[in-house]
Protein chains: 2
Amino acid sequence: MSEATNVYFAYARWRQLPLNSVSLTGGFWAEWQNLNRRTTLQHGYQMLEKAGNFDNLRIAAGQKEGQFRGPAFQDSDIYKWLEAVAYELMTHPDPALQRQADEVIELIAAAQQDDGYLNSYYTIVEPDRRWSDLDFGHELYCAGHLIEAAVAYTRATGTTQLLNVATRFADLIADTFNPQAREGAPGHPEIEMALVELYRETGNRRYLDLAAYFIDQRGKNKMRGLGWLKAEYHQDRVPVRQQDVVEGHAVRAMYLNAGVTDLYLETGEQALLDAMKKQWRDMVTGKMFLTGGLGSRYEGEAFGDPYELPSDQCYCETCAAIGSIFWNWRMLQVTGDSRYADVIERQLYNGMLSGLALDGKHFFYMNPLLSRGGYERQEWLGCACCPPNLMRLLASLGKYFATHDESGVQVHLYNNAAISAELASGRPVALSLQTDYPWEGNIRIQVDKTDGAPWQLCLRRPAWSSNATVSINGQPAEATTMDAGYIVLERAWQPGDVIELALPMEPVLVMAHPRVDSVRDSVAIERGPLVYCLEARDHANVNLLDVRLDETAPLEAIRRDDLLPVSIVAVQASGVVESENGWSGKLYRRLNEQNGVPRQPIQITAIPYYAWGNRGENAMRVWIPRARR
Amino acid sequence: MSEATNVYFAYARWRQLPLNSVSLTGGFWAEWQNLNRRTTLQHGYQMLEKAGNFDNLRIAAGQKEGQFRGPAFQDSDIYKWLEAVAYELMTHPDPALQRQADEVIELIAAAQQDDGYLNSYYTIVEPDRRWSDLDFGHELYCAGHLIEAAVAYTRATGTTQLLNVATRFADLIADTFNPQAREGAPGHPEIEMALVELYRETGNRRYLDLAAYFIDQRGKNKMRGLGWLKAEYHQDRVPVRQQDVVEGHAVRAMYLNAGVTDLYLETGEQALLDAMKKQWRDMVTGKMFLTGGLGSRYEGEAFGDPYELPSDQCYCETCAAIGSIFWNWRMLQVTGDSRYADVIERQLYNGMLSGLALDGKHFFYMNPLLSRGGYERQEWLGCACCPPNLMRLLASLGKYFATHDESGVQVHLYNNAAISAELASGRPVALSLQTDYPWEGNIRIQVDKTDGAPWQLCLRRPAWSSNATVSINGQPAEATTMDAGYIVLERAWQPGDVIELALPMEPVLVMAHPRVDSVRDSVAIERGPLVYCLEARDHANVNLLDVRLDETAPLEAIRRDDLLPVSIVAVQASGVVESENGWSGKLYRRLNEQNGVPRQPIQITAIPYYAWGNRGENAMRVWIPRARR
C-alpha cells in the first residue's frame, strides 16, 4: 500500500487523507513549510553530522573508528529527520534530497547487525547488554522511529531498503518480546504507534499484536522512575485501561496515548477509548497551559498536579506539544469531535511553533510562559529530540487540515490550501481554501471538483470563535446544523460554489481557573488561535514583572511589519507600571502596611507567543497581572 | 582547647559561647531537644543500621562481606549522627550513649585506609578511582563531616581517637590538594567550615590554609553542573569574591557560604564579607520563602530567579534551611546585626522544624508551602542527609541563643534558658530566661550572677515585633538605645535584677512582593515567629484550593490541645469557599464571561506550619487567596 492510496483505519469515524491530497498553497503555514524545506532540514543534516549522530552509525557499521557521542538515543534523531524528508518527497519531489536520504539509509543498513538488531549506542558501547535497561535504554524508542521513517519513506518513494531494515528489526523484537520469550515494555513509548503503522503498511498482523503486547505490559509498577517520581514517570503505575489521569513524563505519556489510540483505531476496544477520554479530560481541565504546552515540572519533564501550571518553571517541551498533536489527531479521527481539533490548533500555533525560531535554525526545548531573561534559543540541543520532531510535523502538516468519510469532507484547520478526496464509490471532490488566517478570520472555500450529487462539507468552528457566520455563493447560510463543533453544510455542490466562513477575530482577555495559583488575578491576550505575550524588547526601561494590564481599556489589533523579521498582527493594550519603591527591598510585609504604590501609564505591545525569543535573550510573559487594586 | 573554654574567632564582633554555657531548661525547644535525645537519635542509629551505613564501614574495614548500599555519601550520615551525640554528651553526659558512640568510632577507625584515606564507597566500589569525580563523588564532603564530628566529640569527651582519624585524613587531603600537587574543589562544599574548625581546635594553620585553598579554587566554570544547570549548580560559575547572588544547589550554596564566612572570621578579608553581604541581600529580597525555606526548584535542588517562589514545587530542603542557619549564625557573629538572627529564627521555627515529625521518627526532605495531597513524612530517606542534620542542629541548639563580648551578653532567641558567660577580665555573669515563647511574647530575664560593675545586656527585638516594651525590676525602661535591632540595656546589674521584655503577639496577615507570581492576591498568617498554614484535615469536605480568606474579619489566637498530639496556639479566621460550578470543567475562559461564583462562608483554622503533616497525608497551604473580588 502506498501513501498515494487512502489509509483506512478500522474504527475511524473520519479518515486521514494521503499527504499529497492536501497542499498548503501559501500563507502562514506554507511559509513555515518553506522555511522547513529550505533551511531547517539541511541545518538539521549538518547538526546531525556535527553532533556525531552519523558518526555513531559509521562506527557501528565498522566504517570509522571512534567513540560513541551524545545520548543513547542519537539514532532516533536521524530517523525523524528521514521521516521529515519522506514527507517532503511526497509533496515536493526532489531528486537531490532523495539521494541525500538514500545515502543515510545505506549507512543505517550498514550499521544493522546480522540478526537484525540496530542501535549504534548498544552496538558500540554496550554490545553485551542489549535490552538490559528497557526503562532508560531507548532501544525500542529508536526502533519505533526507524519504523515510522521506513513506512513514510516507502510510501514516499516506493523504495524498500529502509522498510526491509525496519521489518528485520521489528521481527527480531517480536521474537524477543512475547509471552514465550520475555516480558518488557519500552521505558519511552513510541514503538507502539510505529508498529500499528507498520501493520497498516505491510498488512502483517504480527506487528499489531506486538504493539498490543507492549501496551498490555505496562502498569506493573516495576519501572524505576526518576528522581522523586516512581513508576508513574514511565506510565507504569497502573495498566493502561485503568490509567485515568495524565502523569509522569509528558512526552512519554503523549506518545503512549497516540499508540493506544492507534490500537483502538484497529481493534475498537472500548476500554482503551474510555481510558483515553478520561485522560484527555484530566489533561485539558487541569494540566494544559494556555499555549497548549504540557509538562509542569522540570523534575522528570513531567505533568504535575491538577492546576499546577507555573508560568516560569513549566517545562512545556516542544516534543510534548507535538506528541499531544499526534494523540489528539487520532482522537479526532475516532470521534469527529472538534474539541480535539481545538487542542491541535492551540498547540500548533502556540506551544509547538514556539519551538522553532523564525530563522528556522534555532530551537527551544522548553517553552515557558514567563521568562525573567537568560533563556535563549539554541542552534541544536544536547538532547535533540525536538528539532527533527518539528521538521517531521511541519513537513506532514497538510494531513491535519482535512479528513473525509463516505459522505463528505471535514475541514479542521484553515490556511490557503488545495484539498482533494474521494467519497464513497470513488466520488472525487476537490476544494480550495483562501484565507489570511490566523491574522484574519475570513475563509473562502471554493468547490473545484464534484459530481453534482449531494455531500457534506463540515467546517470546524473553533472554540475561540463566538460569532461565526457562513454564506454560500454570497447568500447567508441559514439553519446550518452543528455537529460536535462542526458546521455541517450538505448540498448538491456544483463546481465553482463558494462558501465563505467568517470567524471575526477580536483580541480578548482570558483568565485561568482560580485554582491555578501561578496566574491568579492575571489575564492573557488571545486573538483567534494565537496566544500573545509581552517581550521586554517592546517595553523599554521597564521590568516586565512590574507591568499591570488595564482590563477596562480597549485592545487593538495592528498589523506590524517593523517588530520582527516577519509581518505579524500585534495587539496593543494599556496598562501601568508599578513602582517598586514602596517595598524597599522587602520580600514580605504585613498586609496593613500596604501603601499606595506609584504607577505610571504604559502602552503595552503584545506579539504572538510563538514569535518570542527571536530578538536575542530578553524577558517575556504571557500572563499579565490586572491593574485593578 | 576544649569546648569548656571559650572559642574565639579573630574577626567576630560577638563570640560564640561554649555549648554547655547555654542550657534550654524547659518549654518549646527543650521539648524538641528531649524528643531528639530520647527518640530521634536512637531511631537514627537503627536506620543507619537498616540502610547499610554501618555495614558499608564494616565491609570497608574487612569485617564483613557484601555490597556497598546507598548513595556514595552514606558515611556522612554516620558522622552527623556522631556529631549530634557529641553535643548531647556535652550537655547531658550519658555513659551508655558514649559507649555506643565509641563503638561507632572504632568501626570508623577500622575502615580508615593505611594512608589515612577514609570513604567506604570508594574503598569498596571504586578503590582505584579516589578523587576521580570531585564534582559528585562527595569524598571531601564526607571528610568535612568526619572532621566536624571529630572536633565536637573531642570537645565533648576529651577522647582523641576520632580526632586522630580526622587529622590523618585531613593531612592526606592537604598533601593531595595544593598548588604543588593537584587543583580541585569539592563538588559539595562542607569541608571548608570543617577545616576552619579543625584549625581552631588544633591551632594548626595548615587546615585554615587548606580551607582557603578550596575556597579559592572555586569559580573556574569547570564543574559539570546538573541537568540544565551549568557550573552555577556547583557555585563554580565565578570566583567566590565575585559571587554576588545565591544560585545553584541551595544546600551547597549555604554550606559554602558558612565556610567562607568562617574564613572571614579568621582572616578578616573584606572582599569575602562584601560578597557574603551581597549574596545575603539577594537571598532575602527575592529567593527566600516565607518559612525561611530555600531552593525554588526540584531541578538541581536549586535557587531560582529572584521572585521565583512557587508554593507547590518549591524544594525547600530541610538541609538548606539548616545550612542557612549555619551561615546566618556566622554572619551574626561577624556583624552583630539582628537581621541575621531574624532569618535564623524564621528558619528554626518554620522551614527547618517542619522537617521533623512530632513523633521524632519521621522526616520531610522537601518542605513545600502548598501540598494538594499525596505528600507524606518518611521514617528515613534514600538520601538521608536531612535527618542527622536535624539531630545535630537540635542537640546544639543552645549555642544559637546567646553570644558575648567583652562588654556584655547578647540574647538572640527566646526560650526558658540558663546562660552563663565570661566578660572581659574573666568577669562571670549568669542569666536565666522564663517564657512561653513562641506561644506568648513575654520574656522574664533574671540576672543570676554578676560582679556589680556595669555591663551591657542586648536583647534582640524580632523584626516581626512592632511594639516591644522593656521593664527593669518592674519599672519601664525609658530611653533604651537600639543597635542594629538589639535593645541595649547597660547598667551595674545586681543579682536578682529582673528584666521583662514584652513582645505582644497578634496574628497578622502578610503579603508577598507583587513580583512573586505564585502568591499574587494571597495572604499568609503569622503570629510571632511562627508561620501558619491550613490543613485539609481541619476543613472537612472542602478543597483547600477553593478557600478564600476574608482579610477584613478578625483573626483569633486560641490555645488548642485537641488538634495535634501536642498543644499549640491555633489561629482562627473567616473566609469563604468558592464553588467551582461556574467553571464547568473549563481551565481558561474569557474575562468577560466571568460570572458570579457561589460562595459559602467557612471558619478557617490555621496551625503552625512546622506541625503540618502529622495526621497522615492531606492537603496543606500557607498562602490563602483573598476573598475580595
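The values are calculated or read from the model by the stated rules, or taken from the named source; none is laboratory data. Keep in mind that what you see is a predicted model, and the values were worked out from it rather than measured. Positions of Cβ are backbone-derived with ideal geometry, glycine not excepted, and every protein chain shown enters the neighbour counts. To get the accessible areas, we keep the full protein, side chains included, count just its heavy atoms, and leave off ligands, DNA and RNA. Shrake-Rupley method; radii C 1.70, N 1.55, O 1.52, S 1.80 Å.
Between B:Thr267 and B:Glu65, the simple label model (points 7 Å from Cα in the Cβ direction) yields a spacing of 5.1 nm. Take B:Cys383: with every protein chain present and a 1.4 Å probe, its accessible area is about 40 Å². In segment A:508-625, a dipole from Cβ-located charges (positive for Lys and Arg, negative for Asp and Glu) runs towards its positive end, and of A:Ala553, A:Ala573, A:Val622 it is A:Val622 whose Cα lies farthest in that direction. For segment B:279-384, the solvent-accessible area of protein heavy atoms averages 19 Å² per residue (probe radius 1.4 Å; ligands and nucleic acids excluded).
Projected over all directions and averaged, the alpha-carbon convex hull of segment A:508-625 occupies 8.6 nm².
Each 10 Å bin from zero holds the following percent of Cα-Cα pairs in the protein assembly as shown: 2, 9, 16, 20, 19, 15, 10, 6, 3, 1, 0, 0. Counting every alpha-carbon pair across segment A:118-186, the share separated by more than 13 Å comes to 66%.
In this label model, B:Arg99 and A:Arg205 are separated by 7.6 nm, measuring between points 7 Å along each Cα→Cβ vector. Secondary structure note: in the protein assembly as shown, about 95% of the DSSP beta bridges are antiparallel. Counting every C-alpha pair in segment A:375-416, the share spaced more than 12 angstrom apart comes to 71%. In loop segments of segment B:65-141 as defined by DSSP, the chymotrypsin sites (Phe, Trp or Tyr not before Pro) with at most 16 further C-beta atoms inside 10 Å of their C-beta are B:Trp131, B:Phe136. Placing a label point 7 Å from the Cα of A:Glu580 along the Cα-to-Cβ direction, the residues of segment B:493-531 whose backbone N falls under 14 Å of that point are B:513-517.
Tell me which chymotrypsin sites (Phe, Trp or Tyr not before Pro) from segment A:478-547 have a DSSP coil assignment and no more than 15 other beta carbons within 10 Å of their own. The partial results should precede the final answer.
Values: sites: A:Tyr486, A:Trp493, A:Tyr532; in loops: A:Trp493.
Answer by residue number: there is no such site.
Counted over segment A:254-301 with a bin width of 10 Å, the fraction of Cα pairs per bin, in whole percents, is 24, 45, 26, 5.
Suppose every K and R has +1 on its Cβ and every D and E has -1 on its Cβ; what is the size of the dipole of segment B:403-502 about the Cα centre, in Debye to the nearest 20? Spell out each step's value before the answer.
Working: 6 positive and 12 negative charges, 17 e Å.
Computed about the Cα centre, the dipole is about 80 debye.
Placing +1 on each Lys and Arg Cβ and -1 on each Asp and Glu Cβ, with no other charges, gives segment A:23-217 a dipole about its Cα centre of roughly 420 debye.
Please list the equivalent ellipsoid semi-axes of segment B:403-502, computed as the square roots of five times the alpha-carbon gyration tensor eigenvalues, in descending order and whole angstrom. The partial results should precede the final answer.
Values: eigenvalues 84, 40, 35 Å².
For segment B:403-502, the semi-axes come out at 21, 14, 13 Å.
Against the compact-protein benchmark of 2.2 N^0.38 Å, the Cα-based radius of gyration of segment B:23-217 scales to 1.03.
Spread over its residues, the convex hull of the C-alpha atoms of chain B is 159 Å³ per residue. Its DSSP H runs of at least 4 residues, each contributing -39,500 (n - 2.57), put the calculated 222 nm mean residue ellipticity of chain A at -10000 deg cm²/dmol, to the nearest 500.
When the surface is traced with a 1.4 Å probe over the full set of protein chains, B:Leu134 keeps roughly 30 Å² accessible.
Among the listed pairs B:Lys230/B:Lys287; B:Lys287/B:Lys399; A:Lys50/A:Lys220, which have their C-alpha atoms separated by more than 31 angstrom in this model?
On the way: B:Lys230/B:Lys287 19 Å; B:Lys287/B:Lys399 27 Å; A:Lys50/A:Lys220 40 Å.
Among B:Lys230/B:Lys287; B:Lys287/B:Lys399; A:Lys50/A:Lys220, the Cα-Cα distance tops 31 Å for A:Lys50/A:Lys220.
For segment B:158-206, the set of trypsin sites (Lys or Arg not before Pro) satisfying both a DSSP loop assignment and a count of at most 11 other C-beta atoms within 10 Å is empty.
Modelled spin-label separation between B:Glu406 and A:Thr25, with each label point placed 7 Å from Cα along the Cα-to-Cβ direction: 9.5 nm.
Inter-copy label distances at A:Thr469, shortest first and taken from points set 7 Å along Cα to Cβ: 7.5 nm.
Accessible surface of segment B:508-625, 1.4 Å probe: 45 percent of it comes from carbon and sulfur atoms. I'd like to know which of B:His138, B:Phe28, B:Gln46 lies farthest towards the positive end of the charge dipole of segment B:23-217, counting +1 on Cβ of Lys and Arg and -1 on Cβ of Asp and Glu. With unit charges placed on the Cβ atoms, the residue in question is B:Phe28.
Think of chain A as having a plus end and a minus end, set by charges on the Cβ of Lys, Arg, Asp and Glu; of A:Val245, A:Ala211, A:Ile322, A:Val245 sits farthest toward the positive end of this dipole. Taking both sides together, the accessible area buried where A meets B is about 5500 Å² for a 1.4 Å probe. Within 10 Å of the Cβ of each residue in A:297-308, the mean number of Cβ atoms contributed by other protein chains is 4. The three principal axes of the C-alpha atoms in segment B:119-232 carry coordinate ranges of 47, 31, 27 Å, sorted with the longest axis first. How many percent of DSSP beta bridges within segment A:392-460 run antiparallel, rounded to 5? The antiparallel proportion sits near 80 percent.
With r defined as the distance between the Cβ atoms of B:Gln475 and B:Asp448 and R0 fixed at 22 Å, what FRET efficiency is calculated, to the nearest 0.05?
On the way: r = 20 Å, r/R0 = 0.91.
Efficiency, from the Cβ-Cβ distance: 0.65.
Its alpha carbons considered, segment A:341-409 gives a radius of gyration followed by a Dmax of 15.1, 53 Å. Within segment A:445-485, which residues have the backbone N less than 19 Å from the label spot 7 Å out from A:Asp337 along Cα→beta-carbon, could you tell me? Backbone N within reach: A:459-465, A:482-485.
Dividing the Cα radius of gyration of segment A:469-541 by its Kirkwood radius returns 1.20 for Rg/Rh. A label point on B:Glu379, set 7 Å along the Cα-to-Cβ line, lies at 5.6 nm from each of its counterparts in the other copies, closest listed first.
Here B:Asp209 yields copy-to-copy label distances, from shortest upward, of 7.6 nm, the label point defined as 7 Å from Cα along Cα to C-beta. Hey, got the dipole for the protein assembly as shown? About the Cα centre, +1 on K and R Cβ, -1 on D and E Cβ, debye to the nearest 20? So the dipole magnitude of the protein assembly as shown works out to roughly 1560 debye.
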